[in-house]
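Remarks on the structure that follows.
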Amino acid sequence: MPKNLFDMFILFCLSLWSGVFGVDEVKSVSVTEGDSVTLNSDDTDIMGDELIMWRFGNNNSLIAKMNRKDNKREFYDERFRDRLKLDQTGSLSITNTRTTDSGLYRVLGTRTETPLSIFNLTVYAHLPVPVISSNSSSQGSSVSSCVFLCSVVNVGHVTLSWYKGNSLLSSISVSDLSRSVSLSLECLDDSYSCVLNNPISNQTRHLNTELCQPCADDCVCCCGFTEAVIRLVLSALVGVAAVAVLVYDIRYISLQQKRREQTSASNSD
């Protein structure tokens, strides 16, 4: 069974367990990698217990224990080395969190084998800023259109989207870790942006009009209506100037020819 399906199955079983045995509902907690997080136990439930235990993961391994009688605290799992703390209430703090810290945390007392509180912690990796690059698509041997490509690498559980202002144009979501994610869109202006986000954070890259350069001799990127109009007017002015020069040349050559003919006729007389 895939890991994500297995986790869903565990959460489903815990939900049933909560309903049958009176355990508090599973509390979801999300943080960004490197942040600290505190899983607050309900002190009223464990006030009469001298021994408090925290267990982690699907294998329910013991990671921390506190004896209130002598205020002795013990930590066991090497993956949390020097990163766990227990306060007097029994709440567990994790510093410098890592993505591998994601999973289920259960706090237990000595009066019952049923967890007093259950937490589902998700630690999200820091999001990279998306990269926008110009690209072109081709049909046959000719380049037919210019596009911009927004991409990120080594990300998981994210959504990559193109926006025009606040309006979503297109998006793609990735559940598991992916080496590369990209999304393309044709001929844009600087009102567009590419956004990478997960449930708790996002990174945005705005389209820079300096990227609007000719993609090839037969393909010119159109960077918005205004620039397209400007280019059209400039092209028209250049065309008019070229025609004016041509007409001037023709008239000048014709005039010179007439003068030579008149000079020849005068000499003949």
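The values are calculated or read from the model by the stated rules, or taken from the named source; none is laboratory data. In this text the structure is predicted, and so the values were computed from the model without any measurement. Heads up, the Cβs are rebuilt from the backbone with ideal geometry, glycines too, and the neighbour counts pull from every protein chain shown.
Structural remarks
Residue-by-condition table, conditions (1) more than 22 Å from Leu196 (Cα to Cα); (2) assigned to a strand (DSSP E or B); (3) out of contact with any His (no Cβ under 7 Å at 6 or more places or on another chain); (4) modelled with pLDDT under 95:
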site	(1), (2), (3), (4)
Ser93	yes, yes, yes, no
Asn96	yes, no, yes, no
Glu113	yes, no, yes, yes
Tyr163	no, yes, yes, yes
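- When Asp24 is tested against (1) surrounded by 12 or more Cβ atoms within 10 Å (Cβ to Cβ); (2) at pLDDT 90 or above; (3) not polar (S, T, N, Q), just one condition goes unmet, and that condition is (2).
- Considering the range 98-111, the residues that are surrounded by fewer than 17 Cβ atoms within 10 Å (Cβ to Cβ) and part of a loop (DSSP other than H, G, I, E, B) include one that is modelled with the lowest pLDDT, namely Arg111.
- Taken over the range 56-77, the residue count meeting the criterion of being of a type in the set (D, E, K, R) and within 26 Å of Val26 (Cβ to Cβ) is 5.
- Residue match in the range 167-179 (condition: modelled with pLDDT under 75 and of a type in the set (Ser, Thr, Tyr)): yes
- Ser138 fulfils the conditions (1) on the phi > 0 side of the Ramachandran plot; (2) of a type outside the set (Lys, Arg); (3) at pLDDT below 90; (4) exposed (fewer than 14 other Cβ atoms within 10 Å of the Cβ) except for a single criterion, (1).
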